[in-house]
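The values are calculated or read from the model by the stated rules, or taken from the named source; none is laboratory data. These numbers come from a predicted model, not from an experiment. We place every Cβ from the backbone using ideal geometry, glycine too, and count neighbours over all the protein chains shown.
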Amino acid sequence: MAQDTGTLEASATLSERVEEHQVGPCRLLTLHSPVEDVVSIRGSFIAQPDFGGGEELIQDLTVSLLDKGTRKHDRFAIADLLENRGAQLRFSSDGLRVRFSGRALRKDLPDVLEVLGEQLMEPLFDEEEFVKAKVQQAAALRHALENTGAQASGALSRLLYSEAHPNYIRPADAELSRLEEISADQIRAYHARHFGSNDFILVLAGDVDADNAARVVQERFSAWPKHEATPPFDIQASPQSTDRIEVFMPDKSNIDVRMGHPLSVLRTDPDYLRLYVGNYILGGNFSARLMATVRDEMGLTYGIHSALSGITSLYMGNWSVSVTLSQGTVERGTEATLAQMARFVQEGVTAAELDEKKTTITGSYKVGLGTTGGLAATLLHHAEQGFDVGYIDRYPAEINALKLDEVNEAIRKHFHADQVRIALAGTL
């Protein structure tokens with residue numbers, strides 16, 4: 001059991017050290033590692049907001065209030081309880097899911113999980129804290145209005161998706177107007193309808209005893225019911241007929257450009273990893289093709305990268321390229337980027353490129369497993385996508401098993417440079 005999680009030998013047998021329990025509504029995964037006394041916590045559940053009805057904003061507000069007190073303890077009592085133990089708990093909202101993360105000493109894990117249960121099931125939703133949360137949310141939206149990257153990304157999402165798709169980003173100015181109308185009662189009602197133990201996953205990694213953890217989780221979460229919210233959402237993209245949109249923003253020296261098109265693949269599709277590695281060769285890191293050509297050879301940008309975005313096991317996402325250009329190079333830079341995308345699709349990747357990026361991707365993955373937080377986060381991510389615990393070991397092997405002809409065939413099948421939509425934001 002006492003193995004170094006940062007070594008390649010340990011990563012080959014990680015799944016053998018994972019213990020899985022179904023504790024009431026909770027899928028509990030525990031992984032013991034030799035980090036003495038410390039336990040990392042990761043988890044999530046499906047809240048399933050009504051994307052077509054714009055409930056993402058309400059969910060964001062609800063999640064921002066979870067750590068502001070419960071019906072049993074105000075925010076100061078909870079802060080004291082956690083800080084006096086050196087513990088942490090944080091919450092975030094991401095599409096269908098609400099996530100939480102934290103850490104605690106082994107002896108304090110029962111108390112920290114009790115606080116977590118209170119925050120998830122019995123938040124206070126104090127009126128004063130609600131007003132503060134709205135002010136903070138408004139500040140974030142105003143920042144997005146002034147950020148060329150955020151404006152370009154949002155505009156591209158609206159070219160590719162319907163309002164009912166989880167990847168659709170509503171305009172920040174419209175969200176500001178909606179924010180003013182949201183009441184604390186709406187937050188309470190949303191929590192009552194959408195917070196429950198649906199697909200509830202909890203991962204504990206570190207100095208943790210699986211049987212003791214299962215007993216604690218049974219005590220804290222066995223009574224958490226499922227919610228009944230089932231609003232539909234779009235699985236596929238719905239690209240607009242418009243292929244280019246410009247968002248004018250005054251007094252911006254740089255222009256952010258986002259270009260991309262939908263992909264008809266889920267995370268569980270066999271072509272996903274082929275496309276992931278292929279795209280990594282195009283624009284995944286500083287040694288990728290786009291950096292070597294558009295930036296280094298042509299000198300048109302300081303930053304450019306490509307990605308597979310918003311793809312899960314439940315809904316489809318897109319292939320995209322992000323590039324920052326000056327006013328004088330915006331058209332040349334956009335054209336050069338599109339040309340490189342087309343060349344990439346036509347020519348495919350080479351065996352040398354594939355071997356190099358396999359090493360980079362698997363090496364980075366194994367480094368990420370070198371901490372209890374990394375272990376817990378990886379186990380949670382795989383569980384959310386529907387993979388069994390053995391996938392933590394199989395993932396590097398699946399990357400290394402990819403064949404050149406399979407990768408190039410997937411690139412030609414799914415990437416289409418002539419179907420790219422373009423969104424630009426800045427002083428055009």
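Does residue 267 meet the test of being crowded, with 19+ Cβ neighbours inside 10 Å, within 20 Å of the chain's Cα centre (by Cα) and outside any loop (DSSP other than H, G, I, E, B)?
Details: crowded, with 19+ Cβ neighbours inside 10 Å: yes; within 20 Å of the chain's Cα centre (by Cα): yes; outside any loop (DSSP other than H, G, I, E, B): no.
Answer is no for this residue.
Looking at 162, 157, 197, 177, which is the one that is under 30 Å from residue 259 (Cβ atoms), in a loop (DSSP other than H, G, I, E, B) and small (Gly, Ala, Ser)?
162
Tell me whether segment 388-399 contains one or more residues that are in contact (Cβ under 8 Å) with a residue 60 or more places away in the chain and farther than 30 Å from residue 103 by Cα.
Checking segment 388-399: at least one residue is in contact (Cβ under 8 Å) with a residue 60 or more places away in the chain and farther than 30 Å from residue 103 by Cα.
Among the residues of segment 388-428, which ones are basic (Lys, Arg) and surrounded by fewer than 22 Cβ atoms within 10 Å (Cβ to Cβ)?
Matches in segment 388-428: 394, 403, 412, 413.
Of everything in segment 206-239, what is part of a loop (DSSP other than H, G, I, E, B), of a type in the set (Asp, Glu) and more than 27 Å from the chain's Cα centre (by Cα)? Give them in sequence order.
Hit for segment 206-239 is 209, nothing else.
Might you check whether a residue that is part of a loop (DSSP other than H, G, I, E, B) and either crowded, with 16+ Cβ neighbours inside 10 Å or at pLDDT 95 or above (or both) occurs anywhere in segment 319-327?
No; the residues of segment 319-327 include none that is part of a loop (DSSP other than H, G, I, E, B) and either crowded, with 16+ Cβ neighbours inside 10 Å or at pLDDT 95 or above (or both).
Within segment 270-299, track down each residue that is more than 21 Å from the chain's Cα centre (by Cα) and buried (at least 23 other Cβ atoms within 10 Å of the Cβ).
Across segment 270-299, the qualifying residues are 281, 282, 290, 294.
How about segment 347-359: which of its residues are surrounded by 17 or more Cβ atoms within 10 Å (Cβ to Cβ) and either part of a helix (DSSP H, G or I) or at pLDDT below 95 (or both)?
Taking segment 347-359 and keeping what is surrounded by 17 or more Cβ atoms within 10 Å (Cβ to Cβ), we get 348-349, 353-354, 357-358.
Hits for segment 347-359 are 353, 354, 357, 358.
Within segment 367-377, identify whether any single residue is surrounded by fewer than 18 Cβ atoms within 10 Å (Cβ to Cβ), touching a residue at least 12 places away in the same chain (Cβ under 8 Å) and not assigned by TED's automatic domain parsing to the domain that holds residue 46, and answer yes or no.
So far as segment 367-377 goes, yes, one or more of its residues are surrounded by fewer than 18 Cβ atoms within 10 Å (Cβ to Cβ), touching a residue at least 12 places away in the same chain (Cβ under 8 Å) and not assigned by TED's automatic domain parsing to the domain that holds residue 46.
Checking the condition surrounded by fewer than 19 Cβ atoms within 10 Å (Cβ to Cβ) and either closer than 24 Å to residue 214 by Cβ or out of contact with any strand residue (DSSP E or B) (no Cβ under 6 Å at 6 or more places or on another chain) (or both), which residue from 36, 55 passes?
Testing whether each residue is surrounded by fewer than 19 Cβ atoms within 10 Å (Cβ to Cβ) and either closer than 24 Å to residue 214 by Cβ or out of contact with any strand residue (DSSP E or B) (no Cβ under 6 Å at 6 or more places or on another chain) (or both) leaves just 36.
With the structure loaded, tell me whether residue 287 is of a type in the set (Ser, Thr, Tyr) and closer than 30 Å to residue 51 by Cα or whether it fails that test.
no
Against the conditions (1) more than 23 Å from residue 159 (Cβ to Cβ); (2) acidic (Asp, Glu); (3) in contact with a Lys or Arg (Cβ under 6 Å, 6 or more places away or on another chain), where does residue 243 fall short? Just the number, please.
Among (1) more than 23 Å from residue 159 (Cβ to Cβ); (2) acidic (Asp, Glu); (3) in contact with a Lys or Arg (Cβ under 6 Å, 6 or more places away or on another chain), residue 243 violates only (1).
Does residue 59 fit the bill of being without any contact (Cβ under 8 Å) to a residue 40 or more places away in the chain, touching a helix residue (DSSP H, G or I) at 6+ places or on another chain (Cβ under 8 Å) and either within 30 Å of residue 140 (Cβ to Cβ) or not assigned by TED's automatic domain parsing to the domain that holds residue 180 (or both)? Walk me through it before giving the result.
Working: without any contact (Cβ under 8 Å) to a residue 40 or more places away in the chain: no; touching a helix residue (DSSP H, G or I) at 6+ places or on another chain (Cβ under 8 Å): yes; either within 30 Å of residue 140 (Cβ to Cβ) or not assigned by TED's automatic domain parsing to the domain that holds residue 180 (or both): yes.
Spelling it out, it is not the case that residue 59 is without any contact (Cβ under 8 Å) to a residue 40 or more places away in the chain, touching a helix residue (DSSP H, G or I) at 6+ places or on another chain (Cβ under 8 Å) and either within 30 Å of residue 140 (Cβ to Cβ) or not assigned by TED's automatic domain parsing to the domain that holds residue 180 (or both).
Across segment 221-262, what is the total count of residues that are touching a Ser or Thr at 6+ places or on another chain (Cβ under 9 Å) and closer than 25 Å to residue 144 by Cβ?
Number satisfying all stated conditions: 19.
Given the conditions (1) touching a residue at least 60 places away in the same chain (Cβ under 8 Å); (2) part of a loop (DSSP other than H, G, I, E, B); (3) under 23 Å from residue 59 (Cβ atoms), report the number of the one that residue 242 does not fulfil.
(3)
Listed here are the residues, each with its yes/no results for (1) touching a helix residue (DSSP H, G or I) at 6+ places or on another chain (Cβ under 9 Å); (2) surrounded by fewer than 17 Cβ atoms within 10 Å (Cβ to Cβ); (3) more than 21 Å from residue 204 (Cα to Cα).
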residue: 70; (1), (2), (3): yes, no, yes
residue: 113; (1), (2), (3): yes, no, no
residue: 128; (1), (2), (3): no, yes, yes
residue: 144; (1), (2), (3): yes, no, yes
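Among the candidates 166, 123, 171, single out the residue that is touching a His at 6+ places or on another chain (Cβ under 7 Å) and closer than 16 Å to residue 60 by Cα.
After ruling out the rest, the residue left standing is 123.
What's the number of the condition residue 211 fails, among (1) in contact with a His (Cβ under 9 Å, 6 or more places away or on another chain); (2) touching a residue at least 24 places away in the same chain (Cβ under 8 Å); (3) of a type in the set (Asp, Glu)?
(2)
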